[in-house]
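Input: a single structure, listed below in structure tokens.
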Amino acid sequence: MSTPAPFVFEPNTASVPATERAGRIADPLFGRIFTDHMAIVRWSEEKGWHDAKITARTTLTVDPATAVLHYAQEIFEGLKAYRHDDGSVALFRPHANAARFRDSARRMAMPELPDDLFIGSIEALVKADADWFPSVEGGSLYLRPFMIASEVFLGVKPAGEYLYMVLASSAGSYWKGGVRPVSLWVSHDYSRAAAGGTGAAKCGGNYATSLVAQQEAIRRGCDQVVFLDAAERRWIEELGGMNIFFVFDDGSIQTPPLTGTILPGITRDSILTLARDAGLTVREELYSIDQWRADAQSGRLTESFACGTAAVVTPIGQVSGPDYSFTIGTGGTGQTTKRFLDTLTAVQRGQAPDPHNWLHPIV
């Protein structure tokens, strides 16, 4: 199989047999089943970006002094490829992922990957491993581009060598059993990001710092954690890995503004666009935990939902904190939440019009 230049294709000589592959992807858990190949491109100060290839997915052998292990110069992305009813395959808004990857690289003092290499690597990998698309309801190929500092040295400075790679994973529904309302724990003790930090970059450190708060949420009987701002511990920001929206009784929707501490989610941006297309009043404004509680209790707030690439749209049913707990609407999936979920997934799967040209066909 050939791949678009400049990617060299090196077939995996130990690919998973078809019968075994079929068993693995029959009902895949999210992020557990990986395909035969991966994309890889190297960068150095002397050569720039070079040695682009699609090759067998295998383990990495790294020196103990590899820079990423000590100074955490690392970024990643997440997007999906969808097989449509007519057999065609398309990515959803990959140019937006490419732009955010460049933004993250700039913030982390890493080299910016050109868009054609970012999108070309994903196209080539999806073509190589197209047989790994699962046929389950909601199935897709989840793509994980990432970049790490690969130079071997000890010293606090940007590395002089980097490794960019892409993994592909057969994915079913993010939530086992399908979409359901989740419960949130409001963290008053931990912050995800602060002004001037890396909150708007998609780097692993942001997720690492959220894990202790997520553990607390689980201990409290909740599904996910939601963070407040670091300065006042007052304003709602985002979940550990998803943006958040609020729906009001007048039909308007609101989401926290992008002030540098919140990841600029591509699903978030897509929902804002769909909402404006539908004529809804849209606000990107600060919203406090006290106001959230009051609006939920008065009935002014009718729905809340989280959104992100993996889960797409997830309804929020219950919210708890150290000395409070409240229900959002009826505690179920609201009509507006469901409409956004249905509309967005229909566009992604080629089952609805695509007026904004979000789909990127892979030919």
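The values are calculated or read from the model by the stated rules, or taken from the named source; none is laboratory data. These figures come from a predicted structure and were not determined experimentally. Please note: Cβ atoms are built from the backbone with ideal geometry, for glycine as well, and neighbour counts cover all protein chains shown. We work out accessible area using only protein heavy atoms, side chains counted, and drop any ligands, DNA or RNA first. Shrake-Rupley method; radii C 1.70, N 1.55, O 1.52, S 1.80 Å.
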Quiz prompt | Backbone HN-Hα couplings from phi across the stretch 121-134 [Karplus 6.51/-1.76/1.60, Hz, Gly and Pro as x] | solution = 5, 6, 4, 5, 5, 4, 5, 5, 10, 4, 5, 8, 5, x
Quiz prompt | Compactness of the chain, expressed as Rg and Dmax over alpha-carbon positions, Å | solution = 20.9, 63
Exercise. Let me know the charge dipole size of the stretch 263-358 about its Cα centre in debye, to the nearest 20, where only the beta-carbon of Lys, Arg (+1) and Asp, Glu (-1) is charged.
Key: 200
Practice problem: Taking all protein chains together and a probe of 1.4 Å, list 71, 142 from the most accessible to the least accessible. | Solution: 71, 142
Exercise. Run the 1.4 Å probe and let me know the accessible area of residue 173, rounded to the nearest 10 Å².
Key: 50
Quiz prompt | Unit Cα scatterers, Debye sum, the stretch 109-199: log10 I(q)/I(0) for q = 0.12, 0.21 Å⁻¹ | solution = -0.70, -1.04
Exercise. Answer with one residue from 236, 136, 78: the one whose Cα lies farthest towards the positive end of the charge dipole of the chain, charges on Cβ with Lys, Arg +1 and Asp, Glu -1.
Key: 136
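Suppose we take every Cα in the stretch 184-337 and form the convex hull; what volume per residue is that in Å³? It would help to have the intermediate numbers written out before the result.
Numbers: hull volume 15.6 nm³, N = 154.
For the stretch 184-337, the hull spanned by Cα atoms encloses 101 Å³ per residue.
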Quiz prompt | the chain: Lys pairs at Cα distance under 25 angstrom, eight or more positions apart or on different chains | solution = 10
Quiz item: Considering only protein heavy atoms and a 1.4 Å probe, what is the carbon-and-sulfur percentage of the accessible area of the chain?
Solution: 51
Quiz item: Measuring from centroid to centroid over Cα atoms, what is the spacing of the stretch 183-208 and the stretch 52-105 in Å?
Solution: 21
Quiz item: If you wrap the stretch 184-229's Cα atoms in a convex hull and average its projection over all directions, what's the area in nm²?
Solution: 3.1
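Taking loop as defined by DSSP and a crowding limit of 16 other beta carbons within 10 Å, which GluC sites (Glu not before Pro) in the stretch 252-310 fit? Working shown, then result.
Working: sites: 284, 285, 303; in loops: 285.
Counting only loop positions with at most 16 other Cβ atoms within 10 Å, the GluC sites (Glu not before Pro) in the stretch 252-310 are 285.
Semi-axes of the stretch 276-354's equivalent ellipsoid from the Cα gyration tensor, sqrt of 5 times each eigenvalue, largest first, rounded to whole Å?
On the way: eigenvalues 143, 40, 25 Å².
They are 27, 14, 11 Å, listed largest first.
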Practice problem: Please determine, in degrees from 0 to 90 and to the nearest 10, the orientation of helix 204-219 with respect to the longest principal axis defined by the Cα atoms of the chain, where the helix direction is its Cα long axis. | Solution: 50
Practice problem: Would you mind getting the accessible area per residue of the chain, heavy atoms of the protein chains only, 1.4 Å probe, in Å²? | Solution: 43
